[in-house]
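Some notes on the structure that comes next.
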Protein chains: 2
Amino acid sequence: MQPGNKYGLHRVIEPKGVLPQPANKIDNNMDILYDNEILIDVQTLNVDSASFTQIKEQSGGDHDKIREIMLDNVAKQGKHRNPVTGSGGMLLGTVEKIGSALEGKIDLKPGDKIATLVSLSLTPLRIDKIKEIRDDIDQVDIDGKAILFESGIYAKIPTNIPESVVLSALDVAGAPAQTAKLVKPGDTVLIIGAGGKSGVLCAYEARKRAGVTGTVIGMCHSQRSTDRLKALGFCDHVFSGDATQPVEVLKKMEELTGGEMADITINNVNIPDTEMTSILCTKDTGLVYFFSMATSFTKAALGAEGVGSDVTMIIGNGYTKDHAEITLAILEESKELMDLFLKLYSN
Amino acid sequence: MQPGNKYGLHRVIEPKGVLPQPANKIDNNMDILYDNEILIDVQTLNVDSASFTQIKEQSGGDHDKIREIMLDNVAKQGKHRNPVTGSGGMLLGTVEKIGSALEGKIDLKPGDKIATLVSLSLTPLRIDKIKEIRDDIDQVDIDGKAILFESGIYAKIPTNIPESVVLSALDVAGAPAQTAKLVKPGDTVLIIGAGGKSGVLCAYEARKRAGVTGTVIGMCHSQRSTDRLKALGFCDHVFSGDATQPVEVLKKMEELTGGEMADITINNVNIPDTEMTSILCTKDTGLVYFFSMATSFTKAALGAEGVGSDVTMIIGNGYTKDHAEITLAILEESKELMDLFLKLYSN
């Protein structure tokens, strides 16, 4: 076997010298395995929410058209990076082969079922067939193969939770794990998009970390997600609103916090133009954590400057130490959340 | 006078209900002044570096074409927001009129010379004539008027420093002020784009804050900026490199830090595709501060995840408390920097 680069540079075709994520085209020939690669027999793609929302919009929801767009993405790039959102997702599969340089050095063996925790936007992928599209949960079953690089992270799939539930939870593992690190006792926390998948996990962690002296406020869009979040009981206040309309949301937050606003705002919505709402609802000295891949860097930077706010704004990092463990532990801890995830994400 | 909204909502034409920054079109009719607005007789626009670089590229450097692009931006939007980069800049002018609701409540009177510290991307602007383009320092002299909203921030121009120098320094005031807040004694700090305008100010602050036990590393692109930074003497190490090529820069940083990498990386370069270099050169537990308006949110977020780095990434906020004071104080403190700014930015 030929030696490979830790970051997968050996698979980059164009442009030369860049890493696999920004590359326009990477090598998805799976007949040759480099010595530090893991070959995966892919079962399911869990497409990133911003990406799948865009694909659904472009296709008008038509499955044949979705199939065509996804196959075209992979044919052009050797990976499933959405050309509009730049984002990817993750995958579930079975270890087929382990490169000679990794054998015995990692806790995997052929036959193990794993989820990759690096983005599809940098993962060499070949799709032989798209078998089923579950567009309500952003999952697509395929026949195909993928490569995990030496620097790539993964999680073994526990056997006591259905696979599609594990995959759904791990897809957003960064958000609740970052929430756990950021929120301190007594904080007022606003979660925008709190009724969605990552939102409910963040709401649980925010409640746990802010504690009895803290205030957790959940904002949702649809009536359905508002009702769902209320029923979970993690939040002190739950309200419906449109995160692209800062002026109205600001008024609501002024009411709920007596004009104090949030110490920490966590933005989980996967639509554009929610930066200003996040900034204005947060204290001047507070912190906004943007987990949404639809966040615009310049809109956030110039937005805060434009209203003279000294808020700290963090780019959501999908990875943080032990994020898979933290996220799966939430499902073990909370019967309400496990029931919800079983209802929404088991297939 | 009619009452205006604090954030300038009353000037938004399209789409309705959004704030002036994301709006596609705002009202730049200066014949009507709202009661909480300040009318400014504009003398100079200091276009944001990412924006002006883009305009120069699009025009091929031709001044007539630059003029045309800038007039077109303002004609279409009522403000000078660059449609490609989304960024603006700031302006220098004289207070012409103060709305009745603000009179006596602020420390300004007609005739005061001020710089606006909010972005041009949200400032109502009318350009009557473009008089001079100084494309080496991103400044354009015009005849025209602008409006400062009640929430807008500004700085009075000191009389002991040339105006164009003050404007150049205030344009990037956020960067050195944030550096002052972030860097702690003993830190290893990497500044990418350290030979540019904001870079040298950040290098000065980083040296001051990291102290004798810290290490300040400056990376520059051109030989000229490398020599300039070396001559200033703020950095322990200065080297030339291409920030879009993470692999090479990574090697150099491994050498300089004995494989430890930086605690804090400050990115000041105004070109795309420098996210990975920033991430890989920073410790897993470190912090990257993106001041560059050319930063892509998704490239940063997915880049860190892709290599399994737990780094904290901050969106550069152009405003932070007292940033104008901090930045002008640097020029008063450092004779080397004052001399450099006088040489580069006085007209």
key: Enumeration of residues in segment A:4-36 that are within 18 Å of A:THR116 (Cβ to Cβ), surrounded by 15 or more Cβ atoms within 10 Å (Cβ to Cβ) and under 24 Å from the mean Cα position of the chain (by Cα)   = A:TYR7, A:GLY8, A:LEU19, A:PRO20, A:GLN21, A:ALA23, A:ILE26, A:ASN28
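How many residues are of a type in the set (Lys, Arg) and within 23 Å of A:SER49 (Cα to Cα) if we restrict to segment A:90-112? Spell out the reasoning first.
Here is the first cut: in segment A:90-112, the ones of a type in the set (Lys, Arg) are A:97, A:105, A:109.
Going one step further and asking which of them are within 23 Å of A:SER49 (Cα to Cα), we end up with none.
Residues in segment A:90-112 being of a type in the set (Lys, Arg) and within 23 Å of A:SER49 (Cα to Cα): 0 in total.
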remark   = Among residues of segment A:269-290 being more than 20 Å from A:GLU254 (Cβ to Cβ) and part of a strand (DSSP E or B), the residue nearest to the other protein chains (Cβ to nearest Cβ) is A:PHE290
inquiry  = Quick check on A:ASP322: is it within 7 Å of chain B (Cβ to nearest Cβ) and of a type in the set (Asp, Glu)?
reply    = no
ask   = Which of the residues that make up segment A:43-88 are assigned to a strand (DSSP E or B), under 30 Å from A:GLN2 (Cβ atoms) and open to solvent by less than 10 Å² (accessible area, probe 1.4 Å)?
value = A:THR44, A:LEU45
inquiry  = Can you report the number of residues in segment A:246-282 which are more than 17 Å from A:LEU302 (Cα to Cα) and touching a residue at least 12 places away in the same chain (Cβ under 8 Å)?
reply    = 18
task = Name the one entry in B:SER296, B:SER309 that is small (Gly, Ala, Ser), facing another protein chain (nearest Cβ under 9 Å), buried (at least 19 other Cβ atoms within 10 Å of the Cβ) and within 24 Å of A:MET276 (Cβ to Cβ).
result = B:SER296
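Take the residues in segment B:155-174 that are free of Cβ contacts under 8 Å to residues at least 60 places away in the same chain and over 13 Å from B:LEU331 (Cβ atoms), then tell me which one is least open to solvent (accessible area, probe 1.4 Å).
First pass over segment B:155-174, keeping only residues free of Cβ contacts under 8 Å to residues at least 60 places away in the same chain: B:156, B:159-160.
Narrowing further to those that are over 13 Å from B:LEU331 (Cβ atoms): B:156, B:159.
On the way: B:LYS156: 97, B:THR159: 144 Å².
My answer is B:LYS156.
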note = Checked B:ALA210, B:ALA203 against criteria (farther than 30 Å from A:SER292 by Cα, small (Gly, Ala, Ser), without any contact (Cβ under 8 Å) to a residue 60 or more places away in the chain and buried (at least 24 other Cβ atoms within 10 Å of the Cβ)); the one match is B:ALA203
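Run down A:ASP48, A:ASP64, A:ASP72, A:ASP41 and say which single residue is in contact (Cβ under 8 Å) with a residue 60 or more places away in the chain, acidic (Asp, Glu) and more than 14 Å from every other protein chain (Cβ to nearest Cβ). Write out each step before concluding.
Values: A:ASP48 fails: more than 14 Å from every other protein chain (Cβ to nearest Cβ); A:ASP64 fails: in contact (Cβ under 8 Å) with a residue 60 or more places away in the chain; A:ASP72 fails: in contact (Cβ under 8 Å) with a residue 60 or more places away in the chain.
One residue alone meets the criteria, A:ASP41.
Of all the residues that make up segment A:210-234, how many are more than 23 Å from A:THR312 (Cβ to Cβ) and not in a strand (DSSP E or B)?
Going through segment A:210-234, the residues more than 23 Å from A:THR312 (Cβ to Cβ) turn out to be A:212, A:220-234.
Those still in the list that are not in a strand (DSSP E or B) too: A:212, A:221-234.
Summing the residues that are more than 23 Å from A:THR312 (Cβ to Cβ) and not in a strand (DSSP E or B) in segment A:210-234 gives 15.
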ask   = Residue check: is A:SER119 farther than 25 Å from A:VAL18 by Cβ and within 14 Å of another protein chain (Cβ to nearest Cβ)?
value = no
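For segment B:1-38, which positions are in a strand (DSSP E or B) and either at the interface with another protein chain (Cβ under 10 Å from one of its Cβ atoms) or not basic (Lys, Arg) (or both)?
In the first step, residues of segment B:1-38 are kept if they are in a strand (DSSP E or B); the result is B:12-14, B:25-26, B:38.
The answer is B:VAL12, B:ILE13, B:GLU14, B:ILE26, B:ILE38.
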key: Test set (1) in contact (Cβ under 8 Å) with a residue 12 or more places away in the chain; (2) more than 11 Å from chain B (Cβ to nearest Cβ); (3) in contact with a helix residue (DSSP H, G or I) (Cβ under 9 Å, 6 or more places away or on another chain) - A:LYS109 fails condition number   = (3)
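The values are calculated or read from the model by the stated rules, or taken from the named source; none is laboratory data. Source: prediction; values computed, not measured. So basically every Cβ, Gly included, is an ideal-geometry build from the backbone, and we count neighbours across all protein chains shown. Surface accessibility is based on the protein's heavy atoms, side chains included, excluding ligands, DNA and RNA. Shrake-Rupley method; radii C 1.70, N 1.55, O 1.52, S 1.80 Å.
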